[in-house]
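Engineer: Sharing a structure, written as structure tokens. Questions coming.
The values are calculated or read from the model by the stated rules, or taken from the named source; none is laboratory data. Bear in mind that the values here come from a model prediction, so they are computed numbers and not experimental data. We place every Cβ from the backbone using ideal geometry, glycine too, and count neighbours over all the protein chains shown.
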Amino acid sequence: MLNITTSDAPLTVQKTQNRFRFILSELKPKGKIFTPFNVISVPVILVGLYLIFIRFTEGLGSVTNLSQEFPWGLWIAFDVVTGVAFAGGAYVLVFMVHILNLKLYKPIMRVTVLNGFLAYFFYSCALLLDLGRPLHIVNVIIGNNFGVSSVLFLVGWHFLLYMLALLLEFSPAIAEWLNAKKAHRILSALTLGAVIFGITLSVLHQSGIGALFLMAKEKIHPLWYNPYLPLMFVISSIFAGFSLIVFEGSISHKVFSNQLDENFHKSYHKILIGLAKICTVALFAYLFMSVIVFVHEENWTYLNTGYGYWYLLEMIGFVFIPMVLFFLSYRKQNVTLVKIASLMTLVGILLNRLNVSLIGFKWYETPHYIPSWQEVTVTLTIIFIEIWVFRWIVRRMPVLRKSNDLI
């Protein structure tokens, strides 16, 4: 039972009112309104929201090119399958900081966790768009119809629990923003448990998505199907996540430079070089596995085809070359090369995940699925809204700037 005296009650009410007024004041826009990003993103978001309304009122067929032959389209291939790979940097970086005690990367940990949480949250929203009956998404969690032994059941639970773990890991920043000292102490104490739980869930989730495609062996082109897809999805999420950290960090370093202290500016160069070293190793492991699988499956006959040339472009242009660039950037301590390699790696991950789930899926069917302009617009809408939310949080909470001392 709470023991609140008569004199404490007015003080508690006043604190609640002050916090409510503070939150209302934080809803006001900060910074310039008419920026190039705002001018471009707002019309796209408005059109996208209208298309989402049409989708939910008139069905999937009103805005998509999905069919019985191609039930998974751009919203699954990009927003979920590719997006989850881009969010992979969170669990690896948290492992490095909290478990391996690599303090060098601590300044970028919160922003990476925030990116991971927002990615999972908005991609789960994208998943709702793709379901013929969105309200039935609860079936994935309770195992209805297909049971609790299916891969989809495991992926759904991994997805949900990891998103909650990321929120718990980021929650101390929210407590600092609200100046909630008691909540901050409690949430900070729970962080390590959330970290260990989240790392386990994320590895299982990344591999679980790859396991989903193991059941589609006859439908995926042999150049992109192999029995080691779960492991390769985990490995690729490492360099995909770190490449996104470099790409997003390069932009945030300029846009939010006023929030960064001198120590962060000094360590930023070392952070990028360190990430380049890890990406080199991960890319080498991924390339080595890909070559072994290619030789073992004897896929030589497919090379002299259109799909074969496309496969070589992916492996040489966006796996081998970025690996070499990451290696050279580490040897020469060249940050520019790190940024170039990270951008190429992101393109390579996008190609690979689209090849597995979209382009190489039912590659023998004609006509093949091609996303409609409405699907592309809705995807851009989700990305733009995520960036708006990310920018709003970073400008108000201690994400990049030094944490407030509430203890």
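Engineer: Going through segment 178-197 one residue at a time, which ones are assigned to a helix (DSSP H, G or I) and not aliphatic (A, V, I, L, M)?
Structural biologist: Correct list: Lys181, Lys182, His184, Arg185, Ser188, Thr191, Gly193, Phe197.
Engineer: Ok, one more. Give the residue that is surrounded by the most Cβ atoms within 10 Å (Cβ to Cβ), with candidates limited to residues of segment 340-366 that are among the hydrophobic types (A, V, I, L, M, F, W, C) and outside any helix (DSSP H, G or I).
Structural biologist: Here the residue is Phe361.
Engineer: Answer yes if at least one residue in segment 75-96 is surrounded by fewer than 18 Cβ atoms within 10 Å (Cβ to Cβ), part of a loop (DSSP other than H, G, I, E, B) and of a type outside the set (A, V, I, L, M), and no otherwise.
Structural biologist: Checked against the condition, which is being surrounded by fewer than 18 Cβ atoms within 10 Å (Cβ to Cβ), part of a loop (DSSP other than H, G, I, E, B) and of a type outside the set (A, V, I, L, M), segment 75-96 yields no hits at all.
Engineer: Residue by residue through segment 235-254, note down the ones that are of a type outside the set (Lys, Arg) and without any contact (Cβ under 8 Å) to a residue 60 or more places away in the chain.
Structural biologist: Within segment 235-254, Ile235, Ile251, His253 meet the criteria.
Engineer: Determine if segment 242-255 includes at least one residue that is surrounded by 15 or more Cβ atoms within 10 Å (Cβ to Cβ), under 19 Å from Pro322 (Cα atoms) and in contact with a Cys (Cβ under 8 Å, 6 or more places away or on another chain).
Structural biologist: Yes - at least one qualifying residue is present in segment 242-255.
Engineer: Name the single residue, out of those in segment 303-312 being part of a helix (DSSP H, G or I) and without any contact (Cβ under 8 Å) to a residue 24 or more places away in the chain, that is surrounded by the most Cβ atoms within 10 Å (Cβ to Cβ).
Structural biologist: Leu312
Engineer: Still on this structure, I have one more. Among Val94, Val140, Val111, Val84, which is of a type in the set (Val, Ile, Thr), modelled with pLDDT of 85 or more and more than 14 Å from the chain's Cα centre (by Cα)?
Structural biologist: Being of a type in the set (Val, Ile, Thr), modelled with pLDDT of 85 or more and more than 14 Å from the chain's Cα centre (by Cα) holds for just one of Val94, Val140, Val111, Val84, which is Val94.
Engineer: I would also like to ask the following. Just wondering, is there one or more residues in segment 94-107 that are closer than 19 Å to Gly83 by Cβ and hydrophobic (A, V, I, L, M, F, W, C)?
Structural biologist: yes
Engineer: Any chance segment 52-63 includes a residue that's among the charged types (D, E, K, R), more than 30 Å from Ile245 (Cβ to Cβ) and touching a residue at least 24 places away in the same chain (Cβ under 8 Å)?
Structural biologist: Yes, that holds for at least one residue.
Engineer: A further question on this structure: Among the numbered criteria (1) under 18 Å from the mean Cα position of the chain (by Cα); (2) among the hydrophobic types (A, V, I, L, M, F, W, C); (3) not in a helix (DSSP H, G or I), which one does Ile393 miss?
Structural biologist: In the conditions (1) under 18 Å from the mean Cα position of the chain (by Cα); (2) among the hydrophobic types (A, V, I, L, M, F, W, C); (3) not in a helix (DSSP H, G or I), Ile393 misses (3) alone.
Engineer: Can you pull out the residues in segment 211-267 that are assigned to a helix (DSSP H, G or I) and basic (Lys, Arg)?
Structural biologist: Correct list: Lys254, Lys266.
Engineer: Right, here's the next one. Looking at Trp224, Trp300 in this structure, which one is more than 27 Å from Trp388 (Cα to Cα), more than 23 Å from the chain's Cα centre (by Cα) and either surrounded by fewer than 22 Cβ atoms within 10 Å (Cβ to Cβ) or at pLDDT 90 or above (or both)?
Structural biologist: Trp300
Engineer: A follow-up question, please. Identify, by number, the condition in (1) at pLDDT 95 or above; (2) over 17 Å from the mean Cα position of the chain (by Cα) that Val347 doesn't meet.
Structural biologist: With respect to (1) at pLDDT 95 or above; (2) over 17 Å from the mean Cα position of the chain (by Cα), Val347 is out only on (2).
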